[in-house]
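All remarks here apply to the structure that follows.
The values are calculated or read from the model by the stated rules, or taken from the named source; none is laboratory data. As the structure is a prediction and not an experimental result, all values here were calculated from the model. Quick reminder, even Gly has a Cβ in these numbers, built from the backbone with ideal geometry, and neighbours come from all protein chains shown.
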Amino acid sequence: MLAAEKVHTLFTAKSPADNFRIAALHRYHILDTPACEDFSFLTELAAKICEAPYAFISLVDAERVWIKSCAGMHMGELPRGESYCSLAVLGDAVTEIPDLRLDPRTAQMRLTVSEPYMRMYSSVALTSSDGFAIGTLCVLDTRPGRLSDDKRAMLAKLARQVMALIELRANEKTLEATVRELEMLATTDDLTGLHNRRSLLHRLKFETARAKRFRSPLSAVMIDLDHFKKINDEHGHAVGDQVLTSLGKLLRENVRVIDIPGRYGGEELCVILPSTPLEGACKFAETLRAKIEAQVHYAGTQPVHVTASLGVGSFDHMEIADAESLLRQADTALYRAKHGGRNRVECGAT
Ligand SMILES: Nc1nc2c(ncn2[C@@H]2O[C@H](COP(=O)(O)OP(=O)(O)OP(=O)(O)O)[C@@H](O)[C@H]2O)c(=O)[nH]1
């Protein structure tokens, strides 16, 4: 017996089983995705093999039936109560309604009583890996009738291909998200949320090559906290870590999107400033120094003040050298700042 010949009441209220089914559908993240040739191909193939003028891949959501792909007509979505597929996901894997006018559940539906006056509906459920019917591959005709056993068997095979494609797309999405997450973990310093040393040096190489190619200036600011050992010794390593975390936040909030803030090592941070000449980089460094000095940290309720010494290295487009010498220049300037009394900015090679 075909599913349509059993009595299924039309969807009216949300049942717990239907909620599980909807949750399974949502796990595929396929709703409202753009049109895709692979799905269109399978839909057109279904129409051709079944010799039906219309075919749909439809996904039955909570309130609507969203059409992933259609052949023979254009349709975006239908209210759930107006869709034959709403019935199909409640029934057996295969649903066939030979004359939609004669079935009380479909006789008054929009597509039955108005253009294109559908008469025959035959579908195979798209079943998720955990056994829920998330939608259908269906064919429709304006003439009443039934599919032959051969055609119905082919429709079932195509439905399995559609489901395999849905699974594949979902797996690709998961994989992309995992790769993004891994990239983030591999390039980010845990404590400060800044680029880690490896990522910073990698980006510096890239920015140096770009500065040479486009003859644009490039600067780097080295930042070293003053007497940081004392903070660790007096207040404990956890407070020291907290200071570094707040400093990371301060840096992230005070650089432009194209700047690259990173943790060079220990309590030494670095910001690469693309397209920035020495003068601009020194102004930036001075602003940063003042903000670091103004930031208050706490060891319990006790306020802790921290200062930093900063060294600026820079190339202009006339004398672009390599990444290492830019950092060396910034490091030499930082050394001068430390020896000049700390909590200060020193700029350039001399
Ligand atoms: N809490 C914490 N401390 C760190 C971390 N990395 C480096 N340090 C500490 O930073 C301190 C750096 O000490 P020093 O190199 O003597 O420099 P300083 O005390 O800042 O003195 P000056 O740089 O000369 O002003 C050491 O005590 C390191 O243990 C970290 O991730 N967390």
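The figures follow:
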item: Any hit, segment 110-120, residues being touching a residue at least 12 places away in the same chain (Cβ under 8 Å), farther than 18 Å from ALA52 by Cα and of a type in the set (Lys, Arg); result: yes
item: Every pair of residues 6+ apart whose Cβ atoms lie under 9 Å, when the first sits in segment 257-269 and is within 15 Å of ASP241 (Cα to Cα) while the second is away from the ligand (no atom under 11 Å from the Cβ) and of a type in the set (S, T, N, Q); result: ARG263/ASN196
item: Residue within segment 221-229 that is touching a Gly at 6+ places or on another chain (Cβ under 9 Å) and away from the ligand (no atom under 11 Å from the Cβ) present; result: yes
item: Residue identified as closer than 24 Å to ALA349 by Cβ and within 11 Å of the ligand (Cβ to nearest atom) among GLY236, GLY240, GLY265, GLY280; result: GLY265
item: Search result, residues across segment 272-313 that are within 13 Å of LEU334 (Cα to Cα) and not in a helix (DSSP H, G or I); result: ALA308, SER309, LEU310, GLY311, VAL312, GLY313
item: Hey, VAL304 of a type in the set (A, V, I, L, M), touching a residue at least 60 places away in the same chain (Cβ under 8 Å) and over 29 Å from ASP322 (Cα atoms) or not; result: yes
item: Some residue of segment 230-239 being modelled with pLDDT of 95 or more, outside any helix (DSSP H, G or I), surrounded by fewer than 20 Cβ atoms within 10 Å (Cβ to Cβ) and of a type in the set (S, T, N, Q); result: no
item: Positions within segment 73-89 being free of Cβ contacts under 8 Å to residues at least 40 places away in the same chain and either in contact with an Asp or Glu (Cβ under 7 Å, 6 or more places away or on another chain) or surrounded by fewer than 22 Cβ atoms within 10 Å (Cβ to Cβ) (or both), in sequence order; result: HIS74, MET75, GLY76, GLU77, LEU78, PRO79, GLU82
item: So ALA321, is it in the same structural domain as HIS202 (by TED's automatic domain parsing), within 18 Å of ARG203 (Cβ to Cβ) and surrounded by fewer than 18 Cβ atoms within 10 Å (Cβ to Cβ); result: yes
item: Segment 155-168 residues that are assigned by TED's automatic domain parsing to the domain that holds CYS50, paired with ones that are acidic (Asp, Glu) and at pLDDT 95 or above (beta carbon under 7 Å, 6 or more apart); result: LEU165/ASP38
item: Looking only at segment 124-141, and only at residues there that are under 25 Å from the mean Cα position of the chain (by Cα) and of a type in the set (Ser, Thr, Tyr), the one that is nearest to ALA55 (Cα to Cα); result: SER128
item: Residue within segment 330-345 that is away from the ligand (no atom under 16 Å from the Cβ) and not hydrophobic (A, V, I, L, M, F, W, C) present; result: no
item: In segment 198-220, residue nearest to the ligand (Cβ to nearest atom) [restricted to those that are within 25 Å of ALA186 (Cβ to Cβ) and outside any helix (DSSP H, G or I)]; result: ALA220
item: Any chance ALA24 is at pLDDT 95 or above and buried (at least 16 other Cβ atoms within 10 Å of the Cβ); result: yes
item: Set LYS249, LYS230: member being under 24 Å from the mean Cα position of the chain (by Cα) and farther than 26 Å from GLU324 by Cα; result: LYS249
item: Selection count where residues are away from the ligand (no atom under 11 Å from the Cβ) and under 24 Å from ASN343 (Cβ atoms), scope segment 184-197; result: 1
item: Enumeration of residues in segment 84-135 that are in a loop (DSSP other than H, G, I, E, B) and of a type in the set (S, T, N, Q); result: THR106, GLN108, SER114, SER128, SER129
